[in-house]
Amino acid sequence: MSAALPDVGEALAPLLGRVPREQQPLLIALAERMAAERYRGWAEEASAAADRAQLLACAEREERIAAKVEALSPEAAALQRDLLAKHPELRDVYHSLFAGRPLAEQLTIQARGERLGAATWRSFARRESDAGRRDALLACAELEEQSARVLEALLEARA
């Protein structure tokens, strides 16, 4: 594995910096859906049924995170369409993290991204005064941690 793998946070930081803070969770929710697509792709390529099932469960968690975040904003769909129109580079930035890399490196990058995602949702939760919204964001953090643990276990099994 190469020593210098790309960092999800560093790759997305410039983009997030151009988005108003209150819309950042919705932009991240779009990235969560992209991650779900990536998990489904890995699942299709997995030779072991158990690995396939675990990767599909990760995809489902990414979709649940996105749905929880989107549910916090009554205008989520319109805002996300606007965000994608203003920042079409999101897909390219996300995909460039993984392009041309062996599976183990991709899983490592994603596992690190899941840990960062958990920290990010906790950070948003700390700033949230509404208990229901805070709980939803903390639930997202736990879902991220679950997927990180799955990826780390898959990597350990490959070692």
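Just so it is clear, none of the values below were taken in a lab; they were calculated from the coordinates. These figures come from a predicted structure and were not determined experimentally. All Cβ positions, glycine included, derive from the backbone under ideal geometry; neighbour counts span all protein chains shown.
Once the chain from Arg21 to Asp130 is taken as fully extended at 0.36 nm per residue, the excess over their C-alpha distance is 37.6 nm.
Comparing Ala50, Ser73, Leu16 along the charge dipole axis of the range 1-93, the residue lying farthest to the positive side is Ser73, per the Cβ-charge model. For the residues Leu143, Leu15, Leu56, a GNM of the chain with alpha-carbon springs under 10 Å puts the largest fluctuation on Leu15.
Compute, for the chain, the length of the dipole vector about the Cα centre, with Cβ point charges of +1 (Lys, Arg) and -1 (Asp, Glu) only. Units Debye, rounded to 20.
Numbers: 22 positive and 26 negative charges, 49 e Å.
Computed charge dipole of the chain: roughly 240 debye.
Using a 10 angstrom cutoff on alpha carbons, build the Gaussian network for the chain and name the most mobile of Ala76, Ala66, Ala48. Maximum fluctuation in the GNM of the chain, among the listed residues, is at Ala48. Restricted to Cα atoms, the chain shows a radius of gyration and a Dmax of 15.4, 46 angstrom.
With the helix formula -39500 (n - 2.57) applied to DSSP H stretches of n ≥ 4, the chain reaches a computed 222 nm mean residue ellipticity of -27000 deg cm²/dmol. Rounded to 0.05, the FRET efficiency of the Leu5 and Ser47 pair, given R0 = 30 Å and the Cβ-Cβ distance, is 0.80. Full extension of the segment from Gln146 to Ala71, taken as 0.36 nm per residue of separation minus the current Cα-Cα distance, would add 24.9 nm. Taken along its principal axes, the alpha carbon cloud of the range 48-121 reaches lengths of 40, 24, 23 Å, longest axis first. Residues whose amide H falls under 5 Å from that of Leu97, counting only those 5 or more places apart or on a different chain, are absent, with hydrogens built in the peptide plane.
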